[in-house]
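Chemist: I have a structure here, written as structure tokens, and I will follow up with some questions on it.
The values are calculated or read from the model by the stated rules, or taken from the named source; none is laboratory data. Computed from a predicted structure; not experimentally measured. No Cβ is skipped: glycine too gets one built from the backbone with ideal geometry, and neighbour counts run over all protein chains shown.
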Ligand SMILES: CC(=O)SCCNC(=O)CCNC(=O)[C@H](O)C(C)(C)COP(=O)(O)OP(=O)(O)OC[C@H]1O[C@@H](n2cnc3c(N)ncnc32)[C@H](O)[C@@H]1OP(=O)(O)O
Ligand SMILES: CC(=O)C(=O)O
């Protein structure tokens with residue numbers, strides 16, 4: 001056994017990639033490996049060379065394109081097939097030829113799996129493990145063994161499951177990782193089994209799936225029981241309900257249990273790394289993910305805010321900066337004075353007690369009518385500025401707007417076939433900087449046409465608007481309140497070269513709701529551009 005400290009072993013590129021909907025290219029895998037190395041993990045399991053061309057290619061390109069500073073690459077694969085020599089098994093050859101210094105072998109440790117899935121004898125399975133481990137050791141590879149279905153196997157045939165560990169360790173495996181392959185374990189029983197497994201003398205690792213929602217808890221329980229090698233995946237990716245979330249595991253062990261697993265400055269970069277990986281996987285980040293989620297330190301309840309005003313630690317388990325995250329105040333109908341005061345501070349405003357009180361009342365009133373400020377930060381800031389200033393100074397005032405939607409016949413110029421198109425045309429009449437402006441815009445929908453008309457009207461006076469883009473538009477029909485019919489809430493997200501912001505509009509008429517959100521979006525865009533009204 002090599003004594004090289006506690007292992008953090010990432011399997012995002014292999015077990016994480018087994019998640020439904022995840023499809024990583026070789027370039028994606030290389031990019032993720034770089035991010036994981038930046039975090040400082042010890043091992044990156046790159047895939048199963050020989051099982052598919054992409055994984056074989058990953059290991060080939062990794063040799064020249066990956067300059068890993070912390071991590072070593074591990075190639076994953078199975079023990080040799082029954083009845084053949086390890087040296088003659090083509091999949092074992094692919095592991096050997098992958099160039100990875102570490103090979104992680106998956107082996108059956110559940111007697112029923114040996115008999116039913118491998119369709120071989122218990123003795124032959126032990127021989128497959130012994131031969132494959134010793135062959136790869138003789139070839140100069142460091143070998144880890146994933147004991148598949150270990151916990152279920154332990155229940156079924158304890159002596160055999162433990163014999164698998166002993167066989168692997170005696171043949172030269174440095175780590176035997178106990179796999180909760182079906183993810184059905186709970187921490188108390190798992191810890192007892194891990195403790196028993198340490199008695200074999202093998203170095204114990206742990207690999208948990210999240211089918212009971214306990215993958216992280218099980219991993220921590222295993223460490224407490226003697227495991228010194230933890231496996232997991234970035235953002236908890238993985239087959240079915242996922243694998244143990246490696247970010248949560250690392251943060252818990254480092255910040256709560258005093259392990260030094262990754263450099264503190266890398267831990268302080270974990271939120272960025274977690275999000276950078278979601279950009280590569282194209283999986284929407286889970287905002288509620290512990291430690292690194294956007295909501296992990298977001299506070300909504302008024303009571304929480306009032307305590308946080310005195311000391312943030314009263315409602316936070318750690319300082320978010322330790323994992324590169326930020327505390328955020330959410331303003332909604334659950335806010336109190338402290339919430340808006342803190343949110344104001346976050347935005348750079350010092351509110352008086354009276355202003356906070358008035359703002360809370362306005363927020364609660366507007367939210368009761370369908371507005372949502374936690375999703376529309378820019379609308380809240382405009383409301384705050386109105387409250388502080390007494391009234392909103394405007395970059396422009398709207399005399400009127402009108403939208404026409406027309407479905408009209410057209411002839412396809414290529415085929416001559418008669419078809420139709422739907423076009424929208426908007427006219428806005430505005431006053432800005434002492435001028436009256438009338439502008440017309442055409443678009444593929446009424447809001448697009450309004451957006452174009454407003455820009456056309458204002459761009460000469462405010463050229464900075466050219467950088468403002470409307471990037472998202474969400475519509476939700478809400479139950480009417482106070483006996484009214486259904487009302488429509490529109491959320492618009494806009495961006496410029498430095499960031500994005502969201503605004504909200506609410507009305508029974510969808511175009512009016514959109515207009516409100518659009519008008520605020522443009523106003524806020526000008527505010528950001530430095531037109532301090
Ligand atoms: C628990 C885990 O997640 S382990 C990782 C699982 N990951 C994957 O399966 C993804 C990659 N897998 C693959 O691309 C393919 O399954 C391959 C290339 C490995 C094998 O493909 P095929 O040769 O077509 O076999 P198939 O997938 O149908 O069945 C797997 C074979 O491996 C055997 N096998 C399963 N586990 C082991 C093991 N630990 N040691 C040796 N052989 C094993 C099975 O008995 C079966 O053998 P058979 O072909 O004699 O029936
Ligand atoms: C090896 C593995 O991924 C498992 O048993 O879950």
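Chemist: I'd like to verify a number: residues in region 70-83 that are more than 16 Å from ligand 2 (Cβ to nearest atom), buried (at least 21 other Cβ atoms within 10 Å of the Cβ) and farther than 15 Å from residue 13 by Cα, how many?
Modeler: Total satisfying the criteria: 1.
A quick yes/no check of all residues on (1) touching a helix residue (DSSP H, G or I) at 6+ places or on another chain (Cβ under 8 Å); (2) crowded, with 20+ Cβ neighbours inside 10 Å; (3) part of a loop (DSSP other than H, G, I, E, B):
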site	(1), (2), (3)
29	yes, yes, no
32	yes, yes, no
41	yes, yes, yes
44	yes, yes, no
54	yes, no, no
59	no, yes, no
64	no, no, no
68	yes, no, yes
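Chemist: Given the options 13, 105, name the one that is in contact with a strand residue (DSSP E or B) (Cβ under 8 Å, 6 or more places away or on another chain), in the same structural domain as residue 167 (by TED's automatic domain parsing), within 30 Å of residue 193 (Cα to Cα) and in a strand (DSSP E or B).
Modeler: 105
Chemist: Taking the conditions exactly as written (in contact (Cβ under 8 Å) with a residue 40 or more places away in the chain, farther than 25 Å from residue 495 by Cα and touching a strand residue (DSSP E or B) at 6+ places or on another chain (Cβ under 7 Å)), does residue 422 satisfy them or not? It would help to see each step written out before you state the result.
Modeler: Numbers: in contact (Cβ under 8 Å) with a residue 40 or more places away in the chain: no; farther than 25 Å from residue 495 by Cα: yes; touching a strand residue (DSSP E or B) at 6+ places or on another chain (Cβ under 7 Å): yes.
The answer is no for residue 422.
Chemist: Select from region 162-171 the residues that are in contact with a helix residue (DSSP H, G or I) (Cβ under 8 Å, 6 or more places away or on another chain) and farther than 16 Å from residue 149 by Cα and write down the one among them that is farthest from ligand 1 (Cβ to nearest atom). Lay out the reasoning, then the answer.
Modeler: Here is the first cut: in region 162-171, the residues in contact with a helix residue (DSSP H, G or I) (Cβ under 8 Å, 6 or more places away or on another chain) are 162-165, 167-168, 170-171.
Next, only the ones that are farther than 16 Å from residue 149 by Cα stay: 167, 170-171.
Numbers: 167: 13, 170: 18, 171: 14 Å.
Here the residue is 170.
Chemist: Could you count how many residues in region 84-105 are surrounded by fewer than 19 Cβ atoms within 10 Å (Cβ to Cβ) and either within 16 Å of ligand 2 (Cβ to nearest atom) or closer than 22 Å to residue 174 by Cβ (or both)?
Modeler: We begin by selecting, within region 84-105, every residue surrounded by fewer than 19 Cβ atoms within 10 Å (Cβ to Cβ); these are 84-85, 87-88, 90-91, 93-94, 97, 99, 101.
Remaining after also requiring either within 16 Å of ligand 2 (Cβ to nearest atom) or closer than 22 Å to residue 174 by Cβ (or both): 87, 91, 93-94, 97, 99, 101.
Number of matching residues: 7.
Chemist: Let me ask something else about it. For region 55-68, does any single residue satisfy the condition of being more than 27 Å from residue 131 (Cβ to Cβ) and within 13 Å of ligand 1 (Cβ to nearest atom)?
Modeler: For region 55-68, residues more than 27 Å from residue 131 (Cβ to Cβ) and within 13 Å of ligand 1 (Cβ to nearest atom): absent.
Chemist: Here's something else I'd like to know. Among the listed residues 406, 367, identify the single one that is farther than 21 Å from residue 491 by Cα and either more than 38 Å from the chain's Cα centre (by Cα) or modelled with pLDDT of 90 or more (or both). Give the derivation first.
Modeler: Numbers: 367 fails: farther than 21 Å from residue 491 by Cα.
It is 406.
Chemist: Looking only at residues in region 172-223 that are surrounded by fewer than 21 Cβ atoms within 10 Å (Cβ to Cβ) and under 17 Å from residue 129 (Cα atoms), which one is nearest to ligand 1 (Cβ to nearest atom)?
Modeler: Only one residue fits best here, namely 172.
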